[in-house]
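Only one structure is covered here, and it is reproduced in the block below.
The values are calculated or read from the model by the stated rules, or taken from the named source; none is laboratory data. Bear in mind the structure is a predicted one, so any value in this text is a computation, not a measurement. Here the Cβ positions follow ideal geometry from the backbone for every residue, glycine too, while neighbour counts run over all protein chains shown. Only protein heavy atoms, including side chains, enter the accessible area calculation; ligands, DNA and RNA are left aside. Shrake-Rupley method; radii C 1.70, N 1.55, O 1.52, S 1.80 Å.
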Amino acid sequence: MHLSVRRATEDDCKLVFDWANEPEVRKASFNTEKIEWSDHSNWYFQKLKNPNSLILILEVDGFPAGQIRFDRDIEQNYFLISFLLDAKFRGMSLGTTLISKGVEYLSSAQKGSIVCVGFVKKENVASQRAFQKNEFLLESESNDNLKFVKTIE
Ligand SMILES: CC(C)(COP(=O)(O)OP(=O)(O)OC[C@H]1O[C@@H](n2cnc3c(N)ncnc32)[C@H](O)[C@@H]1OP(=O)(O)O)[C@@H](O)C(=O)NCCC(=O)NCCS
């Protein structure tokens with residue numbers, strides 16, 4: 001199985017839309033509403049242009065299998081992570097690989113150390129495992145979510 005990550009392009013707009021609207025992905029998100037195409041395409045093209053955002057696609061043997069997005073929070077000085085796998089590629093711990101390959105790609109493009117953060121719903125055990133296996137630390141928890149943090153030197 002060959003695993004690689006690449007930057008998302010304009011051609012991935014529909015793929016990312018379909019992934020974002022998949023029921024398990026909406027359920028895992030903090031905004032669970034269905035996403036409309038026009039909202040998505042405006043949002044997506046802004047993200048691609050935004051120097052503080054990075055969207056990567058995980059490919060398994062050349063097939064798009066998942067996505068990880070990093071949004072730099074300037075005030076808090078960290079990169080916020082969102083990630084998902086295509087339903088066909090779940091159940092094989094590829095979420096762990098997606099985070100590790102994504103963080104490696106991001107950190108190699110940055111000077112100095114970076115901080116990455118993920119917020120995960122308490123019921124989302126698979127996502128929590130993926131952060132823990134990447135040595136993210138549980139920094140805090142609120143009523144419904146856990147905050148995972150890792151500093152990459
Ligand atoms: C989160 C996501 C990427 C993880 O996918 P995955 O890597 O295929 O997850 P897996 O089913 O392989 O589970 C990962 C690990 O959690 C464990 N796990 C999963 N569900 C579990 C449960 N209910 N109880 C205990 N352990 C559980 C698995 O056994 C596995 O452990 P291992 O790596 O030690 O073998 C995927 O579920 C997804 O895309 N979900 C929808 C979007 C989402 O939730 N994104 C994250 C938002 S924070």
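Would you mention how many residues in the stretch 14-51 are open to solvent by 50 Å² or more (accessible area, probe 1.4 Å), more than 10 Å from the ligand (Cβ to nearest atom) and over 16 Å from G118 (Cα atoms)?
We begin by selecting, within the stretch 14-51, every residue open to solvent by 50 Å² or more (accessible area, probe 1.4 Å); these are 14, 18, 23-24, 27, 30-34, 36-39, 42-43, 45-46, 48-51.
Next cut, more than 10 Å from the ligand (Cβ to nearest atom) only: 14, 18, 31-34, 36-39, 42-43, 45-46, 48-51.
This time we only want the ones that are over 16 Å from G118 (Cα atoms), so: 14, 18, 32-34, 36-39, 42-43, 45-46, 48-51.
Going through the stretch 14-51 one residue at a time, the tally reaches 17.
Here are some conditions: (1) touching a Phe, Trp or Tyr at 6+ places or on another chain (Cβ under 9 Å); (2) more than 24 Å from D12 (Cβ to Cβ); (3) surrounded by fewer than 16 Cβ atoms within 10 Å (Cβ to Cβ). E135 meets all but one. Which one does it not meet?
(1)
Does the stretch 71-105 hold any residues that are open to solvent by 80 Å² or more (accessible area, probe 1.4 Å), more than 8 Å from the ligand (Cβ to nearest atom) and outside any helix (DSSP H, G or I), and which are they? Don't jump to the end; show me each part of the working.
Taking the stretch 71-105 first, the residues open to solvent by 80 Å² or more (accessible area, probe 1.4 Å) are 72, 74-77, 88, 90-92, 104.
This time we only want the ones that are more than 8 Å from the ligand (Cβ to nearest atom), so: 72, 74-77, 88, 104.
Of everything in the stretch 71-105, those that are open to solvent by 80 Å² or more (accessible area, probe 1.4 Å), more than 8 Å from the ligand (Cβ to nearest atom) and outside any helix (DSSP H, G or I) turn out to be R72, I74, E75, Q76, N77.
Would you be able to tell me the number of residues in the stretch 46-62 that are within 23 Å of L98 (Cβ to Cβ) and either in contact with a helix residue (DSSP H, G or I) (Cβ under 7 Å, 6 or more places away or on another chain) or among the charged types (D, E, K, R) (or both)?
11
From the residues in the stretch 108-132 that are out of contact with any Gly (no Cβ under 7 Å at 6 or more places or on another chain) and among the small types (G, A, S), which one is surrounded by the most Cβ atoms within 10 Å (Cβ to Cβ)?
In the first step, residues of the stretch 108-132 are kept if they are out of contact with any Gly (no Cβ under 7 Å at 6 or more places or on another chain); the result is 108-125, 128-129, 132.
In the following step, the residues that additionally are among the small types (G, A, S) were identified as 108-109, 112-113, 118.
Values: S108: 8, A109: 9, G112: 7, S113: 9, G118: 22.
Out of the qualifying residues, it is G118.
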